[in-house]
Amino acid sequence: LLTLGIRILLFPLMHTSTVSMRKMAKVQPKVKEIQAKYKKKKSDPQARAKMNQEMMALYKEEGVNPMAGCLPLLVQLPLLWALYKLFLSAIELRHAPFFLWITDLSAKDPYYVLPIIMGASQFLQQKMTPAAGDPMQRRMFAMMPIFFTVLFLGFPSGLVLYWLTNNVLGIAQSYAYKRHREKKEAEEAAASGGKRSAQGKKKEASK
């Protein structure tokens, strides 16, 4: 319930991030064109600066924020730290069981099941999210599930449970976005096809 509440609270930011990342994926061909234009001048600082200026101008023109994908994570880092301190210090959560083998939410998962499932869910969520435009960002995002899995191995199971639930909700949100987008594209294609058919009939009638 806590995770769901935080997710609802951060929904506007996450929605903006998802929309921006989809726009980023669409402008990739133009970004590659700019990069190809300066490919032979990589060692020239002035050429690199000019390339960056052109890319920033393209992002501004298309209404894309290249750092939008990182914003939800950056906002949640203070929440993670607060929950980490809470599970370590709150006496009410000491030895508080949750289910099956999780008998203490303030202690780490003794079998490391939750961190591994959490890492797998983050990997799946990443696959469902539009790829970041910048190659450095893509490499960083690709390493995140591994980094978080290793990091969370020793964390309180309550904190791992929070992040796992957050990932599951993120997967559900990505799936809903995908279904909505597919439905919208199908409706637009049907409307466009109907319009072309009407125009064709009108031309035949005029003949």
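The values are calculated or read from the model by the stated rules, or taken from the named source; none is laboratory data. Everything quoted here is computed from the prediction, not taken from an experiment. Here the Cβ is made from the backbone with ideal geometry for all residues, glycine too, and neighbour counts use every protein chain on show. Just the protein is used for accessible areas: all its heavy atoms, side chains included, with ligands, DNA and RNA removed. Shrake-Rupley method; radii C 1.70, N 1.55, O 1.52, S 1.80 Å.
May I ask you to give the percent of accessible area on the range 1-45 that is carbon plus sulfur, with a probe radius of 1.4 Å? Let's see the in-between values first.
Working: 2150 of 3250 Å².
With neighbouring chains kept in place, the figure for the range 1-45 is 66 percent.
Taking the Cα centre of the chain as origin and charging only Cβ (+1 Lys, Arg; -1 Asp, Glu), how large is the dipole, in debye to the nearest 20?
Once rounded to the nearest 20, the dipole reads 1400 debye.
With every protein chain left in place, what is the accessible area per residue of the chain in square angstrom, probe 1.4 Å?
With the other protein chains kept in place, the chain gives 66 Å² per residue.
Say the cut-off is 28 Å between C-alpha atoms; which of K39/K60; K127/K183; K39/K184; K108/K178; K37/K183 go over it?
In this structure, K39/K184; K108/K178; K37/K183 lie more than 28 Å apart at Cα.
Taking every pair of alpha-carbon atoms in the range 17-59, what share in percent sits in each 10 Å bin, from 0 to the bin with the longest distance?
Reading upward from the zero bin: 29, 48, 20, 3.
Considering the chain as a Gaussian network with a 10 Å cut-off on Cα pairs, which listed residue, T165, T18, T103, attains the greatest mean-square fluctuation?
Per the Cα network of the chain with a 10 Å cutoff, T103 tops the list.
In the neighborhood of G63, defined by Cβ-to-Cβ distances under 14 Å, what is the net charge if each Lys or Arg adds +1 and each Asp or Glu adds -1?
Result for the local shell: +3.
When a/c is below 1.5 the answer is rounded, else prolate if a/b is larger than b/c, else oblate, so apply that to the range 1-133 with a ≥ b ≥ c taken from the square roots of the Cα gyration tensor eigenvalues. Don't skip to the answer; put the middle values down first.
Numbers: a/c = 2.93, a/b = 2.65, b/c = 1.11.
Since a/c reaches 1.5 and a/b is larger than b/c, the shape of the range 1-133 is classed as prolate.
Which of these, Q126, Q46, Q173, has the largest mean-square fluctuation under a Gaussian network model of the chain (Cα springs below 10 Å)?
Q46
Set the Förster distance to 30 Å, then compute FRET efficiency between I91 and F147 from the Cβ-Cβ distance, nearest 0.05.
Given R0 = 30 Å and the Cβ-Cβ separation, E is 0.45.
Just G193, G154, G63 to compare: in a GNM of the chain, with alpha carbon springs under 10 Å, which one fluctuates most?
So, out of G193, G154, G63, the one fluctuating most is G193.
Taking all protein chains as present, what is the carbon and sulfur share of the accessible area of the range 53-114, in % to the nearest whole number, probe 1.4 Å?
The C+S portion of the solvent-accessible surface of the range 53-114 is 68 percent.
Around L161, with a cut-off of 13 angstrom between Cβ atoms, what is the net charge of the other residues, counting Lys and Arg +1 and Asp and Glu -1?
Here the charged neighbours net out to -1.
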